[in-house]
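Student: Take this structure first; my questions come after.
Just so it is clear, none of the values below were taken in a lab; they were calculated from the coordinates. Keep in mind it's a predicted model, so treat the numbers as computed, not measured. With ideal geometry, Cβ positions are generated from the backbone for all residues, glycine too; neighbour counts draw on all protein chains shown.
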Number of protein chains: 2
Amino acid sequence: MKEFKVAVKISLRPELFDPEGKTIERAINRLGIGVQDARVSKVVEFKIHASNQGEARKKVEEIVKKFLANPVLHTYTIQIEE
Amino acid sequence: MKEFKVAVKISLRPELFDPEGKTIERAINRLGIGVQDARVSKVVEFKIHASNQGEARKKVEEIVKKFLANPVLHTYTIQIEE
């Protein structure tokens with residue numbers, strides 16, 4: 001079994017309104033710095049043991065589907081490195 | 001003025017306990033998949049206009065220090081691309 005470092009980034013689907021991002025954007029704009037399209041995502045990082053990259057990815061997909069992302073609301077990307 | 005895409009990742013300092021990460025870790029472990037050291041970070045992405053990469057970075061540093069990260073609690077990384 002090898003140890004893999006995993007990072008899962010979970011974002012609101014781009015067509016959904018992101019109130020946290022919009023609030024941050026407005027606050028920055030009030031500071032006098034113009035920014036656009038602020039969006040907030042979450043990254044969950046952890047370590048997992050598996051015999052190879054493929055097995056690690058399968059486990060991580062299961063974790064993401066069960067716990068981390070709701071397909072109605074979220075998109076996600078998975079990074080795995082040894 | 002060019003448009004830059006910015007991503008700021010804000011994490012709890014590694015020496016601080018991360019209750020959200022720990023809760024996720026326990027839930028995954030109860031599912032029967034062993035994971036370790038789960039930590040949760042936030043990524044704020046936005047667009048900004050500046051005449052060059054250096055000016056963009058200066059503006060982003062100011063935004064991060066004023067709004068996004070508390071140096072007592074957080075570490076952060078900044079990615080900027082044109």
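Student: Just to be sure I understand: with springs between alpha-carbon atoms less than 10 Å apart, which residue in B:Ile63, B:Ile28, B:Ile48 has the highest mean-square fluctuation in the Gaussian network model of chain B?
Tutor: Looking only at B:Ile63, B:Ile28, B:Ile48, the biggest GNM fluctuation is shown by B:Ile28.
Student: Nothing charged except the Cβ atoms of Lys and Arg (+1) and of Asp and Glu (-1): what's the magnitude of the dipole of chain A about its Cα centre? Round to the nearest 20 debye.
Tutor: It comes to approximately 140 debye.
Student: Okay, moving on. Give the Rg (one decimal place) followed by the Dmax (whole number) of chain A, computed from C-alpha coordinates and expressed in Å.
Tutor: Values for chain A (Cα only, Rg and Dmax): 16.4, 52 Å.
Student: Show me, for region A:42-50, the HN-Hα J-couplings you get by feeding each phi into the Karplus relation (A = 6.51, B = -1.76, C = 1.60, θ = phi - 60°), rounded to Hz, glycine and proline as x.
Tutor: Taking θ as phi minus 60°, the curve returns 10, 10, 10, 10, 7, 10, 9, 9, 7 Hz for region A:42-50.
Student: Another question, then. Relative to the longest principal axis of the C-alpha atoms of chain A, give the angle of the C-alpha long axis of helix A:19-30, reported between 0 and 90° and rounded to the nearest 10°.
Tutor: Helix A:19-30 and the main axis of chain A meet at about 40 degrees.
Student: Same structure again: Of all the Cα-Cα pairs you can form in the protein assembly as shown, what percent are over 18 Å apart?
Tutor: Of all Cα-Cα distances in the protein assembly as shown, 63 percent exceed 18 Å.
Student: Still on this structure, I have one more. Please enumerate, by chain and number, the aspartates and glutamates with C-alpha under 18 Å from the C-alpha of A:Lys66, excluding those fewer than 8 residues away in the same chain.
Tutor: List returned: A:Glu45, A:Glu55, B:Glu20, B:Glu25.
Student: Right, another one. For region A:73-78, just list the computed ³J(HN,Hα) in residue order, Karplus coefficients 6.51, -1.76 and 1.60, θ = phi - 60°, integers in Hz, with x standing in for Gly and Pro.
Tutor: Along region A:73-78, the couplings run 10, 10, 10, 8, 10, 10 Hz.
Student: Separate question: Can you give the FRET efficiency to the nearest 0.05 for A:Lys22 and A:Asn52, using r as the Cβ-Cβ distance and R₀ = 41 Å?
Tutor: The value I calculate is 0.45.
Student: Mind listing the phi-derived Karplus ³J(HN,Hα) values for region A:57-67, rounded to whole Hz, using 6.51, -1.76 and 1.60 with θ = phi - 60°, and x for any glycine or proline?
Tutor: 4, 4, 4, 5, 4, 4, 4, 4, 5, 7, 10
Student: Considering only the other residues whose Cβ falls under 10 Å of the Cβ of A:Ile28, what net charge follows from Lys and Arg at +1 and Asp and Glu at -1?
Tutor: With Lys, Arg at +1 and Asp, Glu at -1, the neighbours total +2.
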